[in-house]
Amino acid sequence: MTLRNNPRIEISTSLEHSGLRSPISPSDTAIANYGGRDLQPNRGVPLNLDWVSAVRVNSSAVERRAQTIGTRRTVKKEWQAAWLLRAITCMDLTTLSGDDTDERVRRLCAKARQPIQRELVQKLGIESLHIKVAAVCVYHRFVETARRAIEGSGIHVAAVSTGFPAGLSPFEERVAEIRRSVEAGADEIDVVITRAHVFGAKWQELYDEVAAFKNACGPAHLKVILGTGDLLTLRNVARASMVAMMAGADFIKTSTGKEATNATLPVSLVMTRAIREYAQETGMAVGFKPAGGIRTAKQSLDWLTLMKEELGVSWLRAELFRFGASGMLADIERQLEHQATGRYSAEYRHPKA
């Protein structure tokens, strides 16, 4: 079986669209489309407390809807393989351990460049797709190491900042850490909000915090981690999502991966619908990143289905969707090997780094 000529596979990059262009128009700068409307990158808007206060979440309805994701329709055979390849291209390959070393980060970057074994790539007939992950995510200490290791690949370097994972270090230190990571070569910054602002409904403080983080990022993209497992209610999740987007977040992200409860489908549904409402009201698109607890190929299909059904195909790209789920890659490789050979390989044959 080969995927080379499968018309349903649409793995592409912006490089395919390079060349001479006419003067820039709103449609040229659009990064997404929803309901026939071109959407611009998020620039943020003034804090609207009436909007935040009006947020309501029907938890029972959210739970019922979440249970239908991945059950109403399925993808099989080569179409499933195509979706799994898309999942790889939307992955932030991550190492955030206390025993990280430069060598471990370099091995991670080598895996990011070649996430699927060459032999398997040949069996699938997908050499021309040049599959790679979207980014590697590391602590500030390893930003320069990662930048050198992935140089020229088009893969982004993401740094976790602002006192990750608790986000409770002094505010000035958190802002300075962002600036240092950007100076070291980070393309993206994953920041942690102060959850206490949410518990106390201190929306102005949360807005000002995220806006300061956004300003410190400069040209780098800002991914705001809400720590949804700590926020207690879906209404808190929805309100925090709205405030973060108003303050200029390029992405909103579920979790650090260190909480007791990380990414779940109900939480993700609430966040994606907040993104949709924000897009409808402002004409600006914000990305989404579920992180933590996503470990299987089947789960990746569930989240891709969620994005397609709730936000549309514009969000099935690394520019607007990421998985914080490095452990999932091995299972995706095993599923792809089964597609190519009819046999499952042992998981140890697909190490992350």
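Residues in region 121-148 that are small (G, A, S), under 15 Å from T94 (Cα atoms) and over 17 Å from the mean Cα position of the chain (by Cα): A146 alone. Checking every residue in region 162-184 against the condition of being in contact (Cβ under 8 Å) with a residue 40 or more places away in the chain and assigned to a strand (DSSP E or B) gives zero matches. Look at (1) over 16 Å from R174 (Cβ atoms); (2) open to solvent by 10 Å² or more (accessible area, probe 1.4 Å) and you find that M245 fails only one, number (2). L206 meets each of the listed conditions (1) under 16 Å from V270 (Cβ atoms); (2) surrounded by 23 or more Cβ atoms within 10 Å (Cβ to Cβ); (3) over 21 Å from the mean Cα position of the chain (by Cα) apart from (1). Out of everything in region 116-144 that is among the hydrophobic types (A, V, I, L, M, F, W, C), within 30 Å of E177 (Cα to Cα) and in a helix (DSSP H, G or I), what residue ends up being most open to solvent (accessible area, probe 1.4 Å)? That would be F142. Per the listing V182, V191, V175, the residue uniquely more than 22 Å from G154 (Cα to Cα) and surrounded by fewer than 23 Cβ atoms within 10 Å (Cβ to Cβ) is V175.
The residues of region 29-65 that are surrounded by 12 or more Cβ atoms within 10 Å (Cβ to Cβ) and under 14 Å from K308 (Cα atoms), listed by number, are A32, N33, Y34.
Residues that are under 21 Å from the mean Cα position of the chain (by Cα) and on the phi < 0 side of the Ramachandran plot: does region 166-173 have at least one?
Taking region 166-173 as the starting set, the residues that turn out to be under 21 Å from the mean Cα position of the chain (by Cα) are 166-167.
Checking the rest, the ones that are also on the phi < 0 side of the Ramachandran plot come to 166.
Yes, there is a match, as at least one residue in region 166-173 is under 21 Å from the mean Cα position of the chain (by Cα) and on the phi < 0 side of the Ramachandran plot.
Annotation: of all residues in region 257-281 being open to solvent by less than 20 Å² (accessible area, probe 1.4 Å) and in contact with a strand residue (DSSP E or B) (Cβ under 8 Å, 6 or more places away or on another chain), the one that is farthest from K76 (Cα to Cα) is Y278. Tell me, yes or no, whether region 218-236 has at least one residue that is in contact (Cβ under 8 Å) with a residue 60 or more places away in the chain, surrounded by fewer than 23 Cβ atoms within 10 Å (Cβ to Cβ) and among the charged types (D, E, K, R). Yes; the residues of region 218-236 include at least one that is in contact (Cβ under 8 Å) with a residue 60 or more places away in the chain, surrounded by fewer than 23 Cβ atoms within 10 Å (Cβ to Cβ) and among the charged types (D, E, K, R). Whenever a residue of region 107-124 is more than 24 Å from V143 (Cα to Cα), its partners that are at pLDDT below 95 and among the β-branched types (V, I, T), lying with C-beta atoms within less than 7 angstrom and at least six residues away or across chains, give the pairs K123/T341; L124/T2.
Against the numbered list (1) free of Cβ contacts under 8 Å to residues at least 40 places away in the same chain; (2) in contact with a helix residue (DSSP H, G or I) (Cβ under 6 Å, 6 or more places away or on another chain), N215 comes up short only at (2). If I filter region 282-313 down to residues being of a type in the set (A, V, I, L, M) and open to solvent by 10 Å² or more (accessible area, probe 1.4 Å), which single residue comes out as farthest from V136 (Cα to Cα)? So, considering only residues that are of a type in the set (A, V, I, L, M) and open to solvent by 10 Å² or more (accessible area, probe 1.4 Å), the one farthest from V136 (Cα to Cα) is V313. Each residue in region 159-168 was checked for being farther than 14 Å from R195 by Cβ and either in contact with a Cys (Cβ under 7 Å, 6 or more places away or on another chain) or open to solvent by 30 Å² or more (accessible area, probe 1.4 Å) (or both), and 1 of them qualify.
For residues that are modelled with pLDDT of 95 or more and either on the phi > 0 side of the Ramachandran plot or not charged (D, E, K, R) (or both), scanning just region 96-115, find the one that is surrounded by the most Cβ atoms within 10 Å (Cβ to Cβ). That would be A112.
The values are calculated or read from the model by the stated rules, or taken from the named source; none is laboratory data. The shown structure was predicted, so the numbers you read here are calculated from the model rather than taken from an experiment. Please note: Cβ atoms are built from the backbone with ideal geometry, for glycine as well, and neighbour counts cover all protein chains shown. Side chains are part of the model used for accessible areas, which takes the heavy atoms of the whole protein and leaves out ligands, DNA and RNA. Shrake-Rupley method; radii C 1.70, N 1.55, O 1.52, S 1.80 Å.
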